[in-house]
Amino acid sequence: MRDILIVVDMQKDFIDGSLGTAEAVAIVENVKKKIEEYEKAGKKVYFTADTHFDNYLETFEGRHLPVKHCIEGEEGWKVAGELRAYVTEDNLIKKLTFGYVKWDELLGKEALAGGIELCGLCTDICVISNALILRAFYPETDITVDSACCAGVTVDKHNAALEVMRSCQIEVI
């Protein structure tokens, strides 16, 4: 267990909504157990939320992935039902792209001590993006990704992303 857990984009649209997969549905209980372990130990838990707006299809991403999803305020944007109880105004990070680029401002030196663990969706897009951004900000910090608490767009892409993260000295468990 690290000092900080980052739960990436466990939102309805990625689980059983417009971009949902059976693999995403299958990890929800694992993610819930991990959050509970961190909460019980008094560790910090942050949630990211992929956040788009009504003009999504007109954006760069929307032109390349023309499936409306995670529109702020809509049900699909919200963290999945059983995980929602752990989300607060203080631990929810709205991000407008795959990776959050202000981790250093949010976490500061706190992330150096006991390390960071990530889990969530999608392994090959937002999890890897955030893991690599964190690696760049914190080159001497232990960073872990729990593969049993992640799912990719496909199983092959999930596995490929895990290999890339291992190559970048991110521990995959």
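The values are calculated or read from the model by the stated rules, or taken from the named source; none is laboratory data. These numbers were taken from a predicted model, which means no experiment stands behind them. Every residue, glycine among them, receives a Cβ derived from its backbone with ideal geometry; neighbour counts consider all protein chains shown.
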Restricting attention to segment 88-111, does a residue exist that is touching a residue at least 60 places away in the same chain (Cβ under 8 Å) and in contact with a Ser or Thr (Cβ under 7 Å, 6 or more places away or on another chain)? yes
Here is a check on your reading of the model: is GLU82 outside any loop (DSSP other than H, G, I, E, B), modelled with pLDDT under 95 and either within 16 Å of PHE47 (Cβ to Cβ) or touching an Asp or Glu at 6+ places or on another chain (Cβ under 6 Å) (or both)? yes
Can you pull out every residue in segment 112-130 that is touching a Ser or Thr at 6+ places or on another chain (Cβ under 8 Å), over 18 Å from THR21 (Cα atoms) and in contact (Cβ under 8 Å) with a residue 60 or more places away in the chain? GLY115, ILE116, GLU117, LEU118, ASN130
Sort out which residues of segment 112-135 are surrounded by fewer than 16 Cβ atoms within 10 Å (Cβ to Cβ) and not in a helix (DSSP H, G or I), and write them in order of number. none
Contact list please: Cβ distance under 6 Å, first residue in segment 156-171 and more than 14 Å from LEU121 (Cα to Cα), second residue surrounded by 12 or more Cβ atoms within 10 Å (Cβ to Cβ) and polar (S, T, N, Q), pairs at least six apart or on different chains. GLU171/THR144
What tally of residues in segment 1-27 results from selecting those that are touching a Cys at 6+ places or on another chain (Cβ under 6 Å) and in a helix (DSSP H, G or I)? 2
Might you check whether a residue that is farther than 15 Å from LEU5 by Cα and in a helix (DSSP H, G or I) occurs anywhere in segment 136-149? yes
Residue check: is ILE125 of a type in the set (A, V, I, L, M), under 12 Å from the mean Cα position of the chain (by Cα) and farther than 18 Å from MET165 by Cα? no
Which pairs have Cβ atoms under 8 Å, sit 6 or more apart or on different chains, and link a residue in segment 28-47 that is outside any helix (DSSP H, G or I) to one that is of a type in the set (Asp, Glu)? LYS43/ASP3; LYS44/ASP3; LYS44/GLU110; VAL45/GLU39
Output the residue which, of all residues in segment 54-81 that are loosely packed, with under 13 Cβ neighbours inside 10 Å and within 19 Å of the chain's Cα centre (by Cα), is farthest from ASP16 (Cα to Cα). GLY73
For residues that are farther than 24 Å from GLY76 by Cα and modelled with pLDDT of 95 or more, tally how many sit in segment 107-130. 3
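Just checking, does segment 162-170 include any residue being in a helix (DSSP H, G or I) and either hydroxyl-bearing (Ser, Thr, Tyr) or in contact with a Cys (Cβ under 6 Å, 6 or more places away or on another chain) (or both)?
Yes: segment 162-170 contains one or more residues that are in a helix (DSSP H, G or I) and either hydroxyl-bearing (Ser, Thr, Tyr) or in contact with a Cys (Cβ under 6 Å, 6 or more places away or on another chain) (or both).
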PHE98 is checked against (1) assigned to a loop (DSSP other than H, G, I, E, B); (2) more than 19 Å from ILE170 (Cβ to Cβ); (3) touching a helix residue (DSSP H, G or I) at 6+ places or on another chain (Cβ under 9 Å) and fails just one. What number does that condition carry? (2)
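Please tell me if LYS40 is loosely packed, with under 13 Cβ neighbours inside 10 Å, within 29 Å of TYR138 (Cβ to Cβ) and of a type outside the set (Asp, Glu).
Criteria met by LYS40.
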